[in-house]
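Quick notes on the structure that follows.
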Amino acid sequence: MKISAQEEYGLRCLVQLATLGEDEALTLPQIAEREGISTSNAGKLMWTLNNAGFVKSTRGAKGGYSLDRPAEEIYLNEVISVLDKDEIKGHCDSYTGVQDSCVHTGDCGIRSVIMGLHEIVENALSNITLAQLVGTEKKVDERFHRIQGLQSTLELN
């Protein structure tokens, strides 16, 4: 799976907001500076995330962006689907060669593999919350592998 720059920056911006206290917010310039992106790019991302209900914006001197839902209730598959411009559903339409439609549209051995891989990734992302991405890389890595180990144990039982 390839994560686009938009998906990664959007997730990183959300992680920044997930680290804030209850009454705290970040302005666009603050988000942009923390993530090393332009303010206009941060603005586009926050506009998209706001319209999807992940963040809210508050005007005024103490205004800025904050999460609209608890980080424990925001799953990565939701975020990726909002930020993803290259959805797998249109895969066959994207690789038509020089023709209007793929020559294998009716019978394709590759499509089932691609769709199966997409389903595996979608299921994995649907079990990871934004809250689980907060912390140092080492802590997040340990948390992720512990969760992965628990899931493997449950599948074996």
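Worth pointing out:
Let's see how each residue does on (1) more than 12 Å from the chain's Cα centre (by Cα); (2) within 30 Å of V113 (Cβ to Cβ); (3) at pLDDT 95 or above; (4) surrounded by 15 or more Cβ atoms within 10 Å (Cβ to Cβ):
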site: A5; (1), (2), (3), (4): no, yes, no, no
site: L14; (1), (2), (3), (4): no, no, yes, yes
site: L17; (1), (2), (3), (4): yes, no, yes, yes
site: L26; (1), (2), (3), (4): yes, no, yes, yes
site: Q30; (1), (2), (3), (4): yes, no, yes, yes
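- Across segment 24-78, the number of residues qualifying as free of Cβ contacts under 8 Å to residues at least 24 places away in the same chain, assigned to a loop (DSSP other than H, G, I, E, B) and of a type outside the set (A, V, I, L, M, F, W, C) comes to 7.
- Test: residue in segment 65-83 that is modelled with pLDDT of 70 or more, within 21 Å of Q30 (Cα to Cα) and basic (K, R): yes
- Here is the figure for segment 1-23: residues that are touching a residue at least 40 places away in the same chain (Cβ under 8 Å), of a type in the set (A, V, I, L, M) and more than 17 Å from Q132 (Cβ to Cβ) total 1.
- Count - residues of segment 109-157 that are assigned to a loop (DSSP other than H, G, I, E, B), over 27 Å from V82 (Cβ atoms) and at pLDDT 75 or above: 0
- Filtered by the rule that a residue be of a type in the set (V, I, T) and more than 14 Å from T39 (Cα to Cα), segment 1-27 gives I3, V15, T19.
- Scan segment 84-103 for residues that are in a loop (DSSP other than H, G, I, E, B), at pLDDT 60 or above and in contact with a helix residue (DSSP H, G or I) (Cβ under 8 Å, 6 or more places away or on another chain) and the total you get is 4.
- Each residue in segment 47-61 was checked for being of a type in the set (D, E, K, R) and exposed (fewer than 10 other Cβ atoms within 10 Å of the Cβ), and 1 of them qualify.
The values are calculated or read from the model by the stated rules, or taken from the named source; none is laboratory data. Since we're looking at a predicted model, the values are computed, not measured. Every residue, glycine among them, receives a Cβ derived from its backbone with ideal geometry; neighbour counts consider all protein chains shown.
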